Amino acid sequence: MNSGGARAEAAAEPSDAPGAGLPGGPARSRKTRRYGRLRPGDRVVVIAPSGPADPARLEAGCAALRDLGLDAVVGKHALDRVNLGDYGPLRDGWHCLAGSDADRAADLQHAWCDLRVRAVICARGGYGATRVLDHLDWDALAAATEASAAGGRGPKILHGSSDVTALHAAFGTRLGVTTSFGPMPAGLIADLAPAVSEGMPDETLDGLRAALFGGPVTLSGTHALRPGRAEGPLTGGTLSLLTALLGTPYAPPPAAGRIVFLEDVTEAPYRVDRMLVQLLQAGWFDGAAGIALGSWRDCGDPAELDSVFAARLGPLGVPVLAGVAAGHGPRQRTLELGAPALLDTTLHDTSSLDPGPDPAVPHAGALTLVAPPGGAR
C-alpha cells in the first residue's frame with residue numbers, strides 16, 4: 001500500500017495526469033471547471049450524507065430555498081436514522097447517521113446523476129461523509145458531470161460545509177469541478193427562513209445567493225497574522241476533515257500554489273495545533289500561496305489560537321488573514337472551493353467591502369473570489 005507521502009508526491013504531478021492514489025478514479029481535468037450558477041425554478045435535491053436532520057429544521061430550510069426561487073426536494077433517505085454500526089435497534093444516546101452508508105451514497109449519486117437536478121445540497125454536517133466515499137460509483141458520477149456540463153450551463157453544484165469537506169475534496173479532485181462551502185438547510189439556513197420570506201437583508205443569505213446565483217464574493221477579515229497579497233485557486237475547508245483524509249484515496253492535492261481556507265468547531269487549541277503539525281509534516285502546506293482563517297467556534301481562547309496559527313503557519317512565509325466570516329457560527333458566508341481567489345491583507349480602500357458588525361473597526365484585508373465569466377446568471 002502506498003504511503004501518504006507517496007500520494008502527496010504523486011498529487012503534485014501536472015493536473016492532466018491520472019490521479020495517483022485514486023484506484024478506479026478518473027484522471028483529473030487539466031483545468032477545474034466552475035459550477036454553473038442557478039436560475040429561478042431550478043431543481044435542487046437536499047440529501048443527508050452525514051448526521052440525521054431534525055425534520056422541522058429540514059423543512060424550514062427547504063422552505064427558505066423555495067423562497068429563493070428554487071424547486072427544493074428532499075432525498076429518499078434524508079430522514080432515516082441508524083446507529084453507527086448500522087445494525088440492531090436504534091439506541092437512545094448513541095450517535096446516529098442519516099441512514100446506512102449505502103443509502104446515503106445512493107441519495108447523493110441519484111441526485112448527481114439526475115440531469116433535471118442543478119444542485120445537490122447537504123442538509124447538515126455532523127459525522128459520516130467519509131464513510132460514503134467508498135460507496136460511490138465514481139465513473140458514473142464523472143459521466144453525469146460531463147453530461148451536465150454538455151448541457152451548456154456547466155457542472156451542477158455540490159453545496160454544504162463542515163463534515164461535507166470530505167465530499168468537496170473528493171469531488172474537486174476526481175470530478176474536476178468547483179464546489180460550494182456554506183450554510184446548510186437543517187443548519188443556519190433554517191434560522192434564516194423568516195428573513196428569506198420577508199425579504200430582509202442578511203449577510204449570510206446575501207452571500208449564499210451571490211455564490212449560488214452569481215455575483216461578486218468578497219469576505220473581509222478582522223486581522224492579519226502575516227501581511228501580504230496572494231492569488232490562486234481556493235482549497236481547504238474544515239480542518240479536522242482535511243486531516244482525516246490524509247493518506248486516503250480521497251485526500252485533497254497538496255496546497256501548492258493555492259489559497260488555503262481553514263475553519264473548525266469545538267476543537268481545543270492543542271488539537272488545532274496537532275492537526276496543523278500533521279498537515280505540515282505531511283508536506284500538504286508546501287508551496288501554499290496564502291492562508292485564510294474562518295470561524296473557530298468554541299475552540300478556546302482566540303488569543304491562544306492566534307498564537308498557534310502564527311507559530312505553525314507564519315514560517316510558511318505567506319500572507320495569513322484571520323477572522324473571515326465563514327465556517328461554523330452565526331456568520332456563514334459561502335465560498336466556491338476551487339475557484340480563483342485573491343487574498344490581500346494590505347487593503348486600504350475598504351469602501352466597497354461589507355463593513356462587518358462594527359464599521360469603526362478597519363478591515364485587515366479580504367478574501368475575494370473572482371466572479372465567473374459572464375457575471376450573474
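Restricting the first member to region 178-190 and to residues that are closer than 23 Å to A149 by Cα, and the second to residues that are among the basic types (K, R) and open to solvent by 10 Å² or more (accessible area, probe 1.4 Å), the beta-carbon pairs closer than 8 Å and six or more apart or on different chains are T178/R33; T178/R34; G182/R333. Any residue at all in region 46-57 that's over 28 Å from L239 (Cβ atoms) and not basic (K, R)? For region 46-57, residues over 28 Å from L239 (Cβ atoms) and not basic (K, R): present. In region 101-123, the residues that are surrounded by fewer than 18 Cβ atoms within 10 Å (Cβ to Cβ) form Cβ pairs under 8 Å with partners that are of a type in the set (S, T, Y), at six or more places apart or across chains, as follows: L115/S148.
Against the numbered list (1) at pLDDT below 90; (2) out of contact with any helix residue (DSSP H, G or I) (no Cβ under 7 Å at 6 or more places or on another chain), P302 comes up short only at (1). With respect to the stated conditions, P194 fails to be in a loop (DSSP other than H, G, I, E, B) and either farther than 28 Å from T346 by Cβ or open to solvent by less than 40 Å² (accessible area, probe 1.4 Å) (or both). Screening V265, V272 for residues that are β-branched (V, I, T) and open to solvent by less than 10 Å² (accessible area, probe 1.4 Å) leaves exactly one candidate, V272. Could you tell me whether G237 is touching a helix residue (DSSP H, G or I) at 6+ places or on another chain (Cβ under 7 Å), outside any loop (DSSP other than H, G, I, E, B) and modelled with pLDDT of 95 or more? Criteria met by G237. Of all residue pairs spaced 6 or more apart or on separate chains, those with beta-carbon atoms under 7 Å, a first member in region 242-270 that is closer than 22 Å to R333 by Cα and a second member that is of a type in the set (D, E) and at pLDDT 95 or above are V265/D298; T266/D298.
Selection over region 331-370 of residues that are at pLDDT 50 or above, part of a loop (DSSP other than H, G, I, E, B) and open to solvent by less than 50 Å² (accessible area, probe 1.4 Å) gives a count of 9.
The rows are residues; the columns are (1) open to solvent by 30 Å² or more (accessible area, probe 1.4 Å); (2) at pLDDT 95 or above; (3) assigned to a strand (DSSP E or B).
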residue: Y35; (1), (2), (3): no, yes, no
residue: G51; (1), (2), (3): no, no, no
residue: A72; (1), (2), (3): no, yes, yes
residue: G88; (1), (2), (3): yes, no, no
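Counting only residues that are in a helix (DSSP H, G or I) and either farther than 13 Å from T179 by Cβ or not hydroxyl-bearing (S, T, Y) (or both), how many does region 130-168 have? Selection size over region 130-168: 27. Being among the basic types (K, R) and modelled with pLDDT of 95 or more is a description that does not apply to R209. A count restricted to region 246-287 and to residues that are polar (S, T, N, Q) and either at positive phi or in contact with a His (Cβ under 6 Å, 6 or more places away or on another chain) (or both) stands at 1.
The values are calculated or read from the model by the stated rules, or taken from the named source; none is laboratory data. Every value quoted in this text rests on a predicted model; they were computed, and no experiment measured them. We place every Cβ from the backbone using ideal geometry, glycine too, and count neighbours over all the protein chains shown. Accessible surface is based on the protein model in full, side chains and every heavy atom, while ligands, DNA and RNA are left aside. Shrake-Rupley method; radii C 1.70, N 1.55, O 1.52, S 1.80 Å.
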